[in-house]
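Below is one structure, written out as structure tokens; comments come after it.
Any read-out appearing in this document is the output of simple, stated calculations on the displayed coordinates, not a laboratory observation. What you see is a predicted model; the values in this text were computed from it and never measured. Neighbour counts run over all protein chains shown; Cβ positions are idealised from the backbone, glycine included.
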Amino acid sequence: MEQGKSTQTILVVDDNPSIRTLVKGVLETEGYAVLLADGAETAMTLYDQSTVALLLTDVAMPVIDGLELADQLLRREPQLRILFMSGSENVSRGFGCVAKPFTGAGLIHRVGEVLSSVPVTQAGGATAV
């Protein structure tokens, strides 16, 4: 790994396997450790087994969407950094969002912004960055 690259772990959650694979490849080239989940249940299990620096989740998923997943994980870790992926506007509740489709460079830029920012607790305990 090149000097200066991150070793932080990012939990990527998307029900589309192609997007998970693409995002994993982009993030790993920057030195991030990546955990992949196809839905909220798997994501919560992986989260409990790891130290996660960032939740990178799709908003629109079956059963439990990305917003509800974020709420559940924020109850466990109020300072968790979150970045949503979405094809829709204004769905991120004040958290960061990367619009689909995105470029690898655009994704890396947004991930870097979120990880380098100081979390701010919002009303209700949620953390926005």
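For the stretch 46-113, which chymotrypsin sites (Phe, Trp or Tyr not before Pro) are both in a DSSP coil and crowded by at most 15 other Cβ atoms within 10 Å? Write out the running numbers ahead of the final one.
Details: sites: Tyr47, Phe84, Phe95, Phe102; in loops: Phe95, Phe102.
The qualifying sites: there are none.
Counting only other residues whose beta carbon sits under 12 Å from that of Leu73, what net charge do I get with K and R as +1, D and E as -1? Could the numbers behind the result be given before it?
Details: positive: Arg75, Arg76, Arg81; negative: Asp48, Glu68, Asp71, Glu77.
Summing Lys and Arg as +1 and Asp and Glu as -1 gives -1.
Local charge sum around Asp15 (other residues, Cβ-Cβ under 12 Å, Lys/Arg +1, Asp/Glu -1)? Mind showing how you got there, number by number?
Details: positive: Arg20; negative: Asp14, Asp38, Glu41, Asp58, Asp65.
That works out to -4.
Give, as a single signed number, the net charge of other residues whose beta carbon lies under 13 Å from the beta carbon of Thr45, with Lys and Arg counted +1 and Asp and Glu -1.
For residues surrounding Thr45, the net value is -2.
Which of the GluC sites (Glu not before Pro) found in the stretch 17-92 are in a DSSP loop and have at most 11 neighbouring Cβ atoms, other than their own, within 10 Å? It would help to have the intermediate numbers written out before the result.
Numbers: sites: Glu28, Glu30, Glu41, Glu68, Glu89; in loops: Glu30, Glu89.
Hits after loop and neighbour filter: Glu89.
Sort Thr57, Thr29 so that the residue with the fewest other Cβ atoms within 10 Å of its own Cβ comes first and the one with the most comes last.
Values: Thr57 26, Thr29 11.
Fewest-to-most ranking of Thr57, Thr29: Thr29, Thr57.
Checking the a/c ratio against 1.5 first, then a/b against b/c, what shape does the Cα gyration tensor give for the stretch 9-118?
rounded
Using the Cα centre of the stretch 1-76 as the reference point, and only Cβ charges (+1 on K/R, -1 on D/E), how large is the resulting charge dipole? Debye, rounded to the nearest 20. It would help to have the intermediate numbers written out before the result.
Details: 5 positive and 12 negative charges, 50 e Å.
For this selection, approximately 240 debye.
Out of residues 5 or more away from Met61 or on other chains, whose amide H comes under 5 Å of its own, with H placed 1.01 Å from N in the peptide plane?
Gly66
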